[in-house]
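Visitor: Before anything else, here's the structure in question.
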Amino acid sequence: MHLSGIVTRLRAAGCVFAEDEAQLLISAARTPVDLAAMIDQRAAGLPLEHILGWSEFCGLRIAVDPGVFVPRRRTEFLVHQAVALASQSLARPRTVVLDLCCGSGAVGAALVAALDQVELYAVDIDPAAVRCARRNVGAVGGQVYEGDLYEPLPAALRGRVDVLVANAPYVPTEALGLMPPEARNHEPRVALDGGVDGLDVLRRVTAAAPVWLATGGHLLMETGEQQAPASVATVARNGLIPRVARSEELDATIVIATMPADDPGDRSRRRWFRESDALEAQNLASVGQASGSRSPTASCRQNVSE
Ligand SMILES: C[S@@+](CC[C@H](N)C(=O)[O-])C[C@H]1O[C@@H](n2cnc3c(N)ncnc32)[C@H](O)[C@@H]1O
């Protein structure tokens, strides 16, 4: 099939960037039979990135397996903000980065590419995401853990994290049905569903963050613009200093929570955690969950408004 025929087929199937997609499929296909199968898959609504097996993110080629959340362009803003903050605190020889809800591992991999000397840890609850992240994060020397938020992390990491990034699920449950079919049908619900108000996971991330952040460390969470005030309130309730960063260009909102430089309350909370076991850590995390909801995710296809 010629380029123009492929473009016509993709356009008829609703692909907005039909020309670009056609070129990508042509260059990825090994044989004409391959190409025909890829065009059929795309016309049937499979995300382009799942067909190609990769997604471009922050100028990197990130492996993305079928069933794994496709990194969104919007989330590049989270990376930019994290790089700016990490670059301000160059006092330490290495930046300790924790990527919670890592999916393919795109955010952590991009931070390693942008910063010197990163010690990277990543966590996801979904085994398919963990397998995928091990390829992307493992390739840059990071470690990937499977489990619920902080639960699988080594205790030695407590109080050492300089940059904690979390593009967690943040779509309110009721809004899942409004999402584009590509996301609804081909990305796992656990990657999208943030509970009643979309903030369930973000509340749990925030509640336990003081235990893991280094003094002066930062937690950066992607959230919906409308969800930012509630996220800020959660951050403040947990003794962290909140700030909101917004990119109109990428339609991205980031809530940044900074660990105060000298907060005896935080210190005692950390001491309590060091004395407790992993189960107790999970109990603290669930305090935030009990009170709340969740939020929306990144870019092109996941946003509720799209
Ligand atoms: C919106 S996706 C974002 C993935 C990645 N951070 C990115 O930006 O491409 C959210 C991810 O959070 C993971 N997740 C959801 N709940 C989790 C939990 N309780 N603990 C760890 N990971 C979780 C999902 O499996 C999914 O991979």
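Visitor: State whether segment 73-290 is rounded, prolate or oblate according to the following rule on the C-alpha gyration tensor (a ≥ b ≥ c being the square roots of its eigenvalues): a/c under 1.5 gives rounded; otherwise a/b larger than b/c gives prolate, and the remaining case gives oblate.
Guide: Values: a/c = 1.32, a/b = 1.20, b/c = 1.10.
Verdict is rounded for segment 73-290.
Visitor: So how do 93-99, 244-250, 156-162 stack up, highest first, on mean other-Cβ count within 10 Å? Can you show the working numbers first?
Guide: Details: 93-99: 20.6, 244-250: 13.3, 156-162: 18.1.
Sorting 93-99, 244-250, 156-162 by mean packing, highest first, produces 93-99, 156-162, 244-250.
Visitor: A further question follows. Compute the length gained on full extension between Asp116 and Glu248: take 0.36 nm times their separation in residues and subtract their Cα-Cα distance, giving the result in nm to one decimal.
Guide: Working: separation 132, 0.36 × 132 = 47.52 nm, distance 2.86 nm.
Gain on extension, Asp116 to Glu248, equals 44.7 nm.
Visitor: Oh, and also: How do Phe77, Phe69, Phe17 line up, fewest other C-beta atoms within 10 Å first? Let's see the in-between values first.
Guide: Values: Phe77 23, Phe69 32, Phe17 13.
Listing Phe77, Phe69, Phe17 from fewest to most nearby Cβ atoms yields Phe17, Phe77, Phe69.
Visitor: Another one. Apply the a/c threshold of 1.5 to the C-alpha gyration tensor of segment 3-63 and tell me whether it is rounded, prolate or oblate. Could you put the intermediate results ahead of the total?
Guide: On the way: a/c = 1.73, a/b = 1.38, b/c = 1.26.
Cα axes put segment 3-63 in the prolate bin.
Visitor: Give me the number: length gained by fully extending Phe17 to Ala233, i.e. 0.36 nm times residue separation minus the C-alpha to C-alpha distance, one decimal in nm.
Guide: Numbers: separation 216, 0.36 × 216 = 77.76 nm, distance 3.92 nm.
Computed gain between Phe17 and Ala233 is 73.8 nm.
Visitor: Rounded, prolate or oblate: which fits segment 33-167 when a ≥ b ≥ c are the square roots of the eigenvalues of the alpha-carbon gyration tensor, with rounded for a/c under 1.5 and prolate only if a/b beats b/c? Walk me through the intermediate numbers first.
Guide: Details: a/c = 2.68, a/b = 1.80, b/c = 1.49.
Prolate is the answer for segment 33-167, as a/c is 1.5 or above and a/b outweighs b/c.
Read-outs: derived from the displayed coordinates by stated rules, not from any lab. On a predicted model such as this, the values are computed, not experimentally measured, just so you know. Here the Cβ is made from the backbone with ideal geometry for all residues, glycine too, and neighbour counts use every protein chain on show.
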